Amino acid sequence: MGDYLAAISATPKSWQHHYMESVELAELAEALCQDAPIPADLDGLPGVSDTVFFGLNTGSCCHIHAHEEAVVFQFVGTKVFTLYPPEDVRHLYFEPITKDYRRSRVVFPEVNYRRFPLTRRLNRIDVGLKSGDVLYIPVHWAHWTTAEGFTFTLTRFFQARLRQYRFPSPAFRCILGRVIQLIRDRK
């Protein structure tokens, strides 16, 4: 992994031209996959997917992992995760279940409180990750990220068990959204 990052950084201003979001680690290179220092305790998890995120001054929209839990490994740089517990999903104005039900319509950090007044009720938790830090994100915990400078993050997603789902909300919303998505995909 160090060789890969060194190769990208060998050219001045290369960080301006490299950005990667949600790419399977195994798709990059088998050597990277073998080099990733993921603890053996996480090997037997169901539905594992190792995903790479890297770039310069990047971030994400507010979203939930509807059916997965995640363990985030911060390898390079600093990234801030702003998290909200599952009971806050009702205040985050998520897309309708017929659209991308996993994403909030609220643009963070520039919240339009006139358009989204319930966001004032959110229970925000900020977690800063530096190189070497690890964060566990349970299923249905909404979050968005920001980063200054170059960051390289590896996330191990794994299938959440139904008993981990937060009923009634957002679990019913996620299950129904998934059913609608599967029906659409069959057409």
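Output the residues belonging to segment 67-97 that are part of a loop (DSSP other than H, G, I, E, B) and either of a type in the set (D, E, K, R) or crowded, with 21+ Cβ neighbours inside 10 Å (or both). Hits for segment 67-97 are Leu92, Glu95. As for segment 49-67, it holds at least one residue that is in contact with a Gly (Cβ under 8 Å, 6 or more places away or on another chain) and either modelled with pLDDT under 95 or farther than 28 Å from Arg163 by Cα (or both).
Every condition in (1) touching a helix residue (DSSP H, G or I) at 6+ places or on another chain (Cβ under 7 Å); (2) surrounded by 18 or more Cβ atoms within 10 Å (Cβ to Cβ); (3) under 30 Å from Pro168 (Cβ atoms); (4) not aliphatic (A, V, I, L, M) holds for Ser104 except the one numbered (1). Here Glu69 clears all of (1) under 21 Å from Arg178 (Cβ atoms); (2) more than 16 Å from the chain's Cα centre (by Cα) except the condition numbered (2). Among the residues of segment 129-160, the one identified as more than 12 Å from Gln74 (Cβ to Cβ) and basic (Lys, Arg) is Arg156. Of the residues that sit in segment 150-172 and are closer than 21 Å to Arg90 by Cβ and in a loop (DSSP other than H, G, I, E, B), which one is nearest to the chain's Cα centre (by Cα)? Filtering segment 150-172 for residues that are closer than 21 Å to Arg90 by Cβ and in a loop (DSSP other than H, G, I, E, B), the one nearest to the chain's Cα centre (by Cα) comes out as Ala160. Restricting attention to segment 151-183, the residues that are closer than 30 Å to Gly55 by Cβ, surrounded by fewer than 20 Cβ atoms within 10 Å (Cβ to Cβ) and modelled with pLDDT under 95 total 2.
Has segment 98-114 got any residue that is touching a residue at least 60 places away in the same chain (Cβ under 8 Å), of a type in the set (A, V, I, L, M, F, W, C), assigned to a loop (DSSP other than H, G, I, E, B) and within 16 Å of Ser60 (Cα to Cα)? No, segment 98-114 has no match at all.
The values are calculated or read from the model by the stated rules, or taken from the named source; none is laboratory data. In this text the structure is predicted, and so the values were computed from the model without any measurement. A quick note on method: Cβ atoms are made from the backbone with ideal geometry, for glycine too, and the neighbour counts reach across all protein chains shown.
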